[in-house]
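Structure, as structure tokens:
The values are calculated or read from the model by the stated rules, or taken from the named source; none is laboratory data. These figures come from a predicted structure and were not determined experimentally. Glycine also receives a Cβ, built like all others from the backbone with ideal geometry; neighbour counts cover every protein chain displayed.
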Amino acid sequence: MSAAAQTTHAPGAGPGADDDHHPAPEPGPTRDPRTLAAAGDLLRALAAPVRIAIVLQLLEHSRCVHDLVDALGVTQPLISQHLRVLKAAGVVEGERKGREVLYSLVDDHLAHIVVDAVAHVEEDT
């Protein structure tokens, strides 16, 4: 008998020790790596406090840049920079109305992620 075969196990740590536990759940569905990478890019686009605040503002209704500047108390160049990131990620879209561009959410899916994240943090505080 080899040394490995002679090894003794502590109670509950040997072969079959997990027999009294529930079987491991089946693995979840796998996703295409490109889908996962795109989801990661999307979450990174949301991963800035100002961008979260912008999404929360746009959840109520469309706003132009100066409305967001007034509501959030940050500079116009900063709002514009964050809107560019959100637009490139497909989170917001802009519609020109005369001299202004009104920004709105592309859909509510991402707003739910932001609202749920904020609510989760508020529960812990």
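What to note about this one:
- Residue 56 being surrounded by 17 or more Cβ atoms within 10 Å (Cβ to Cβ) and in a helix (DSSP H, G or I): no
- Residue within the stretch 18-26 that is modelled with pLDDT under 90, more than 22 Å from the chain's Cα centre (by Cα) and small (Gly, Ala, Ser) present: yes
- Scanning the stretch 60-79 for residues that are surrounded by 14 or more Cβ atoms within 10 Å (Cβ to Cβ) and not charged (D, E, K, R) gives 62, 64, 65, 68, 69, 71, 72, 74, 79.
- Among the conditions (1) part of a helix (DSSP H, G or I); (2) at pLDDT below 80, the only one that residue 38 does not satisfy is (2).
- Subset of the stretch 96-112 that is surrounded by 15 or more Cβ atoms within 10 Å (Cβ to Cβ) and part of a helix (DSSP H, G or I) - its residue that is modelled with the lowest pLDDT: 110
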